[in-house]
Amino acid sequence: MELLIVIAVIGILISIATVAYTSAQKKTRDSRRKSDIKALQIGFEQYYADNSGSYPAACSDLALTTTYMPNGMPIDPKTGTAYTATADWYSCSSSAYCVCAALESETNATTDCTADQGSLPSGYLGFNCVRSVQ
């Protein structure tokens, strides 16, 4: 009888640890997404400062990715796709930009963009977006 109780307690502890670990992974990926999106915003603003007050006409502009994003366009840590790969989550023109990343553990951290965020993929709760500062 005592052995069954010990096994049950261990099973409960393992299930609690699994839930906590999964939650921590989601928060870590969301933190990375926010950092990546902020780095992308910094790259756009540096491009703007160096190019006579003009943003790149396309989010995937080669000059932006090679000069201002030397490691390339940031990618989502879970899916491995660039943040600018989903058409609904970004818009870029020479006068403004808006780029969003879907978040797994937070609901709409920042959505002050003009981009139509569209629908969230399964398992995601909200968006984090950055937009042109100028």
(Q) Going residue by residue through the stretch 94-104, is there one that turns out to be surrounded by 17 or more Cβ atoms within 10 Å (Cβ to Cβ), assigned to a loop (DSSP other than H, G, I, E, B) and in contact with a helix residue (DSSP H, G or I) (Cβ under 6 Å, 6 or more places away or on another chain)? (A) yes
(Q) I'd like the full set of residues that are among the polar types (S, T, N, Q) and assigned to a strand (DSSP E or B), limited to the stretch 54-93. (A) S91
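Considering each residue of the stretch 48-68, count those that are open to solvent by less than 30 Å² (accessible area, probe 1.4 Å) and at pLDDT 85 or above, and give that number.
Keep residues of the stretch 48-68 that are open to solvent by less than 30 Å² (accessible area, probe 1.4 Å), which gives 55-56, 59, 64-65.
Retained after the next criterion (residues that are at pLDDT 85 or above): 55-56.
Qualifying residue count, the stretch 48-68: 2.
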(Q) With the requirement that a residue be polar (S, T, N, Q) and open to solvent by less than 80 Å² (accessible area, probe 1.4 Å), what does the stretch 31-47 give you? (A) S31, S35, Q41
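Condition check ((1) at pLDDT 75 or above; (2) closer than 14 Å to Q41 by Cα; (3) open to solvent by 30 Å² or more (accessible area, probe 1.4 Å)) across all residues:
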residue	(1), (2), (3)
G72	yes, yes, no
P77	yes, no, yes
T114	no, no, yes
G123	yes, no, yes
Q. Given the structure, is G53 on the phi > 0 side of the Ramachandran plot and touching a residue at least 12 places away in the same chain (Cβ under 8 Å)?
A. yes
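Is it the case that the stretch 19-30 has a residue that's open to solvent by 40 Å² or more (accessible area, probe 1.4 Å), over 24 Å from the mean Cα position of the chain (by Cα) and more than 21 Å from G80 (Cα to Cα)?
Step one: filter the stretch 19-30 for residues open to solvent by 40 Å² or more (accessible area, probe 1.4 Å), giving 19-29.
Remaining after also requiring over 24 Å from the mean Cα position of the chain (by Cα): none.
The answer is no, given that none of the residues of the stretch 19-30 is open to solvent by 40 Å² or more (accessible area, probe 1.4 Å), over 24 Å from the mean Cα position of the chain (by Cα) and more than 21 Å from G80 (Cα to Cα).
The values are calculated or read from the model by the stated rules, or taken from the named source; none is laboratory data. These figures come from a predicted structure and were not determined experimentally. Note that we place each Cβ from the backbone using ideal geometry, even for glycine, and neighbour counts take in every protein chain shown. Side chains included, ligands, DNA and RNA excluded: accessible areas come from the protein's heavy atoms. Shrake-Rupley method; radii C 1.70, N 1.55, O 1.52, S 1.80 Å.
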